[in-house]
Each structure stands twice: as C-alpha cells, then as structure tokens.
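Please read the structure below before turning to the comments.
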Amino acid sequence: MAVKKIKTIYDVLCPFCGTLCDDLEVDIADNKVVEVRNACQIGTKKFYSSNPNEHRYETPMIKKNGKLERASWEEAIDKAADILANAKRPLLYGFSSTECEAQSKGVELAEILGGVLDNTASVCHGPSLLAKQDVGQPGATLGEFKNRADLVIFWGSNPVHAHPRHLSRYSEFVRGYFRKDGRNDRYIVVVDPRNTHTAQIADLYIQVNPSEDYELLNAIRAVLRGVELDEKEVSGVSMEKIKELVNTMKTCSYGVIFFGMGLTQSLSHHRNIDAAICLTRELNDHTKFSIIPMRGHYNVAGANQVFTWNTGYAYSIDFSRGYARYNPGEFSSVEVLLKDQVDASLIVASDPASNFPAASVKNLFKHPLIVIDPHESPTTVYADIVLPAAIAGIEAEGTAYRMDNVPLRLRKVKDAPGECLTDKIILEKLIEKVKEKRGE
C-alpha cells in the first residue's frame, strides 16, 4: 500500500475572522487538507471545507428551466457580463472574505458599470467607521495590547465564540513583554446585556440594559470628569459599579476597549461608538487607553481600506453619476434592496440571503443574480449564475488586513478543485467582457 506523501506548510494565515491568526501549520496530502494545527475549531473546519465535498462548486453553473446546470467559463462569463452591462443600476456586494487584490477589481468593475458598491461593513461595523470619521480613533496594534495592556474591556462582544483565539493570542491569557504573567497580569471587564461565556471568565461583569449603552457610556464619562450624578443606577448598572469601573480605568497602566456588534447594532448605533471613542480619548488624560472594533470577516477591514484608497469612501458607494458618492443609509445594500432600486446584483464572497432582512432578500431574488462563491449557500441556490471561486487564503494567495488594520499575506496551501478560478481572475474576466460588450 503506497504511503501518502505529506507536505507541511508553516506560518499559514487563518482566513476566518478578523484576528487573522498567522501561526497555523497545515498538512497536505494528495491536494487535500489532512491536518490543521494551532487553529480554532471554526478555522480548522474552514480548511477542511476546501476538500472536495457535495456543497462545493467546481464548474460554472447557469440556471436553465429553474435549475442550476453546469456550463463552460466562456458561456458563464458572457451571460454574466450581458446581465451587468445591460443593467441600469447593478449592486456589487460582499468582498469581505476575499483578498485585497480581488476587492480592487470589484471597485473597478463597479465604476465601469455605474453601480452601487458595498461590503459587509454596512451590516456590521459601518457605525464604527462613521464614528471614526466623526471623532477619530485612539488605536494601536494587537501586538501593543498583548505586550502592554493590564486592563481589557470587551463591550458588546463575545470573543470566546466569535474570535476563539483572540483571548489566547492578544488579550487575556497571552504572556506579553510587559505582562509576563499572562492572565494574572490582566484585569478583564465585560459589558454586555447577556451573561456570555466571555462574561463568565471576566473579573468584572457589568450587565447593561439592552440598547442603553449610550446612556451608560455618558454616565461613565460624567463620573470620570468628577460629576456627581443624582441617580442610583444608569442603564441597569448601579452607581457603585460605575464608580468602580471608572476607578479601574483611571488607575490601570494601559487599557483597551474591544467593542463588537453589541455596540454597533444596538440603539444609537454610531453614536454609541462616538461616545466610546470620546471616553477613550478622555481616559488618556489619566493613563494610556486605546479602542478597537472586533471585526468579524477576516478581510472586512481590507475591504474598507481598498474601497477607501480607490474611491475615498469605505462602503455604501454609488457610481451612478460617473463618480463616487457616499451616503450610508441611502446607498447601503440593504436600503437599495428594500426600496427595489437595483435591477441586477453581483455578490462576491458573501451570503446576504442568510442575514439580510427578508424584504431585501425578496427583492434581491426578483432580479438577475450572479454569485462568485466556492460553496453552495442560500444565496447561490437562487442565483442565475454561479461562478466557482478558489478559497482565498487556502487555494489562492493575496493580502488581508487584520482587525487592527495591519496588512498580512495570505498563503496558498493547495490547488482549487475542478475549474475554480480566483476571485481576482473572475472579476478581471468580467471587466474585460463588459468592456467588450460596451465597445470600450
């Protein structure tokens, strides 16, 4: 019996969440992932999902008589380009789970088409970007927090489930240069309406009332300034606890607030982040403090960077007048779909059917739909054309930005199955064909 030759690739980035762990070791045999070391369970599962399976698309698919059927790349690209070139206002959405080089091609295609360009930030950390534009952001790198932070606050985020290795690599259990005793050198605070698994391992858990973060943040700011509030509690939190938290913040050597969608998607949205950033800035009068969003998709930060350096704006961009216009709430993907303002859609490395409001999804499916994706999903099931992609970070190399906006290089560990192409190549083919059809 022949022994399989195993090749081990070291220092592999994990293309799952914004932590972008870069210490994975992946064993490959016969172009299949046979073992993954150092990754969390979710990251490991993503690597194994690249192996041939029943949910993987390996050839282009075109819907004929209500059913997706195999097609050639030439036919699929030609039909997709036809749909996009003839659309009056197409939507290009997603881009957060692919490499920066593909994202740049997405911007180019959106500009050529005069369409609406958006990424997943519009339904997650878009409010964080708005707040950052309003009041700035006192930030730093994850390495700084690992080495220096003795106070770590998780506000509206649950990294135990959403970013499983964040605690062990950067924020809680890890030993840093100035925090050599790891967990014993750090004080952990969790502010959340739910008693999450992260809250259960915290030193201090503050249970805020749902959607009352804004009031609590401003109460903390008032107490920090020395104002005596004539209240027994704010947002369900007693004044004693608020004062205890303020004292803990003022007396730490280096503090950091990691905030998640519990803050961005609750009532007040970007005003919550405004208040949190202003609190961080005011704490710097007493000690050293930073704040950073816990980005979800592994390269959503990269999508915001790429869109910004190409257009000046991070998301929710409209090219219908021949130049980039920016107005979240008007040009965000959910909004244009709710109002049925687009007549075709190209979804790249995303699954809006799983998380958009039902009314938006209904309108998405009403019009021609093209999806670039490696796997079957609720979005691809209703697509008119599916263009099979290699999985970035596993079957294609490229660049990705970590949640602290540090660019890192994704590695290719195996070849993609079947006829899969990289997102970048697929978008380049669409650009070329659209230009040809428009006589450009």
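Just so it is clear, none of the values below were taken in a lab; they were calculated from the coordinates. Keep in mind that what you see is a predicted model, and the values were worked out from it rather than measured. Here Cβ is always computed from backbone atoms with ideal geometry, including for glycine, and neighbour counts include all displayed protein chains.
Couple of notes before you dig in:
- Residues considered: MET403, MET239, MET294. Largest GNM mean-square fluctuation over the chain, using C-alpha springs under 10 Å, is found at MET239.
- Hits among lysines - C-alpha to C-alpha of LYS241 under 25 Å, sequence gap 8 or more where chains match: LYS232, LYS250, LYS288
- Relative contact order [Cα under 8 Å, 6+ residues apart], the chain, whole percent: 25 percent
- Centre-to-centre, using Cα atoms only, the range 243-321 and the range 169-210 are separated by 18 Å.
- Magnitude of the charge dipole for the range 7-48, about its Cα centre and with charges confined to Cβ atoms of Lys, Arg (+1) and Asp, Glu (-1), is about 200 debye.
- In this label model, GLN265 and ASP181 are separated by 3.9 nm, measuring between points 7 Å along each Cα→Cβ vector.
- Fraction of the pair-distance distribution of the range 336-440 above 15 Å, Cα-Cα pairs, percent: 69 percent
- Only Lys, Arg (+1) and Asp, Glu (-1) charged, at Cβ; the range 126-293 dipole about Cα centre in debye: 780 debye
- Proximal charge balance of ASP185 [Cβ under 14 Å; K/R count +1, D/E count -1]: +3
- Bridge orientation summary for the chain: considering DSSP beta bridges with both residues in this region, about 40 percent are antiparallel.
- From helices alone, the chain scores -10000 deg cm²/dmol at 222 nm; the rule is -39500 (n - 2.57) for each run of n ≥ 4 DSSP H residues, then divide by the residue total.
- Note: the range 7-48, Cα convex hull, 55 Å³ per residue.
- Rounded is the label for the range 126-293, because a/c, from the alpha-carbon gyration tensor with a ≥ b ≥ c as root eigenvalues, stays below 1.5.
- Gain upon complete extension [SER168, GLU69; 0.36 nm per residue less C-alpha separation]: 31.1 nm
- Among the chymotrypsin sites (Phe, Trp or Tyr not before Pro) found in the range 295-331, those both in a DSSP coil and sparsely packed, with 13 or fewer other Cβ atoms within 10 Å of their Cβ, are TYR323.
- To the nearest ten degrees, helix 213-224 and the longest principal axis of the Cα atoms of the chain are 40 degrees apart.
- Cβ crowding within 10 Å averaged over residues, with 27-36, 150-159 ranked highest first: 150-159, 27-36
- Pairs from the list LYS46/LYS429; LYS132/LYS429; LYS79/LYS132; LYS4/LYS412; LYS64/LYS412; LYS32/LYS437 with a Cα-Cα gap above 32 Å: LYS132/LYS429; LYS79/LYS132; LYS64/LYS412; LYS32/LYS437.
- GNM on the chain, alpha-carbon springs under 10 angstrom: the most fluctuating residue among GLY393, GLY302, GLY182 is GLY182.
- For the chain, the Cβ-based charge dipole about the Cα centre amounts to some 520 debye (Lys, Arg positive; Asp, Glu negative; other atoms uncharged).
- Between ILE201 and TYR10, the modelled labels are 2.8 nm apart [label points 7 Å from Cα along Cα→Cβ].
- When you filter the trypsin sites (Lys or Arg not before Pro) in the range 180-249 for DSSP loop state and at most 15 other Cβ atoms inside 10 Å of their Cβ, you are left with LYS180, ARG194, ARG225, LYS232.
- Helix 73-86 axis, angle to the chain major axis (alpha carbon atoms, nearest 10°): 70 degrees
- Rounded FRET efficiency, nearest 0.05, which uses the C-beta distance separating ALA29 from GLU330 and R0 of 41 Å: 0.20
- Amide H contacts of ARG175 (H built 1.01 Å from N, under 5 Å, at least 5 apart or other chain): none
- Among the GluC sites (Glu not before Pro) within the range 319-394, those in coil by DSSP and having at most 14 neighbouring Cβ atoms inside 10 Å are GLU330.
- Of LEU130, LEU113, LEU13, the one that fluctuates the most in a GNM where the chain has Cα springs shorter than 10 Å: LEU130
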